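Scroll down for the structure; my scribbles are underneath it.
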Amino acid sequence: MNLPFLVIFTSLKILVILVVFLTVIAYTVLLERKVLGFIQLRYGPNRVGPWGLLQPLADLLKLLFKEDFTPPGVNKVLFTMAPIITATTAFLPFAVIPFSQTMLPEYFHFYGFKIDLTQAGLNLGVIADINVGLLYVFAMGSLAVYGAVLGGWASNNKYSLLGGLRLSAQMVSYELALGLSIIGVLMLAGSLSLVKIVEAQQHMWFVVYQPLGFILFLTAAFAECARTPFDLIECENELVAGYQTEYSSMKFALFMLGEYCHIIVASALATTLFLGGWQGPFLPPIVWFVLKTFVLVFFFIWVRGTFPRFRFDQLMYLGWKVLLPLALLNILVTGVVMLVLG
């Protein structure tokens, strides 16, 4: 295998996917503003460019030129690192999420070298297909909480601190339910590789076999992304803006970038685990993946415009006394059915 070719190929993949992903995040924000405007019988952004399509660019310029204010008394190192940690760790899970099947020929000729792309593991449909891809996703997702917690603690603000503490309690409660909700999928697929999990759904999507697991996963994903009705970490009627109260300019933008990145990653992961990933008839594989992910992203937005937020005690009750027992029940039933049929 030619090492320079491998480095160039992987670097180009990362660059292209990063550019596309950032663009998608920008227009997800616009989509949310438009959809919420429609739900609330008001206009969304419609002044910057045709139909408001240049609004994300206007928002970026506004945030770039706003004053980057650091309040006195903060821990400046952690205060600056927190939004960077949040944004960076939000992007990392997408490295192992497959958005299409292999789109390369079996062999490639590079300056006289015949490179076996299949053996090299090169695939345009995923940045890195590793056999513990799902563990990697959960590991990176667990790191994202540090950004918000550090931001809340370093801000020297009681509302920010309470937001960070709420987030840590929320993540502990719902990461457990989130992890247990996918055990049934792992039992059916027999692999932690996300590519192998998608391939195992060639004849039937796992949502058919795991409807309860799918519902539990989506519910826990809402809490993991701190989205309505689980956005207790930043509820404005109690905590001003929670952990991000003292942030402005591009630091605030990085927190928002991380939030919407989490929504897309959670939707893409649900598509991969339960909805067959790129599998589907007639249309190209990548189109199926994008359509399924878009539907789930729209669902995140629709829920925000429809449901009120829980109280914090209700949130903790739901996580520990409802979702956790149901996730364990789903594992038990899946095991019994596989044993009987198997």
Quick one: grab the alpha carbon gyration tensor of the range 3-341, order the square roots of its eigenvalues as a ≥ b ≥ c, and give me rounded if a/c is under 1.5, else prolate or oblate depending on whether a/b is larger than b/c. oblate
Say we join alpha carbon atoms closer than 10 Å with springs in a Gaussian network model of the chain; which of Phe255, Phe99, Phe298 then has the biggest fluctuation? Phe298
Under a 10 Å cutoff between Cα atoms, tell me which one of Thr293, Thr80, Thr23 has the largest fluctuation in the Gaussian network model of the chain. Thr23
Cα-centre dipole for the chain with unit charges at Cβ (Lys and Arg positive, Asp and Glu negative), debye to 20: 460 debye
Which lysines have a Cα less than 22 Å from the Cα of Lys158, not counting those fewer than 8 places away in the same chain? Lys76, Lys251
GNM flexibility winner over the chain from Leu12, Leu194, Leu273 (Cα, springs under 10 Å): Leu12
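Based on other C-beta atoms within 10 Å, arrange Arg42, Arg227, Arg309 from fewest to most. If you can, show how the numbers build up before the last one.
Values: Arg42 8, Arg227 20, Arg309 17.
In order of increasing Cβ crowding within 10 Å: Arg42, Arg309, Arg227.
Indicate the gyration tensor shape class of the range 237-342 (rounded, prolate or oblate), computed on the Cα atoms with a ≥ b ≥ c the square roots of the eigenvalues: a/c under 1.5 is rounded; otherwise a/b larger than b/c is prolate and the rest oblate. Can you show the working numbers first?
Working: a/c = 2.74, a/b = 1.29, b/c = 2.12.
It comes out oblate by the Cα gyration axes.
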Could you give me the ³J(HN,Hα) list for the range 148-158, computed from phi with Karplus coefficients 6.51, -1.76, 1.60 and θ = phi - 60°, whole Hz, x at Gly and Pro? 5, 5, 5, x, x, 6, 6, 6, 6, 9, 5
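Per the helix-only calculation at 222 nm, which mean residue ellipticity applies to the chain, given -39500 (n - 2.57) for every DSSP H run of n ≥ 4 and division by its residues, nearest 500 deg cm²/dmol?
Details: 15 runs with 219 residues, N = 342.
Value at 222 nm, helices only, nearest 500: -21000 deg cm²/dmol.
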Lys158 and Val19 label points (each 7 Å along its Cα→Cβ direction) are spaced in nm at 5.0 nm
Of Trp302, Leu273, Tyr146, farthest towards positive along the dipole that unit charges on Lys, Arg, Asp, Glu beta carbons give the chain: Trp302
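Determine the relative contact order of the range 3-341: mean sequence separation of Cα pairs under 8 Å and six or more apart, normalised by residue count, in whole percent. Walk me through the intermediate numbers first.
On the way: 488 pairs, mean separation 75.5, N = 339.
The value is 22 percent.
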Residue by residue through the range 87-98, which ³J(HN,Hα) values in whole Hz follow from phi under the Karplus form 6.51 cos²θ - 1.76 cosθ + 1.60 (θ = phi - 60°), with glycine and proline marked x? 5, 5, 5, 5, 7, 4, x, 5, 5, 10, 7, x
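Where a number appears in this text, it was derived from the coordinates with a stated rule and is not lab data. Everything numeric in this text was worked out from a predicted model, so none of it was measured. All Cβ positions, glycine included, derive from the backbone under ideal geometry; neighbour counts span all protein chains shown.
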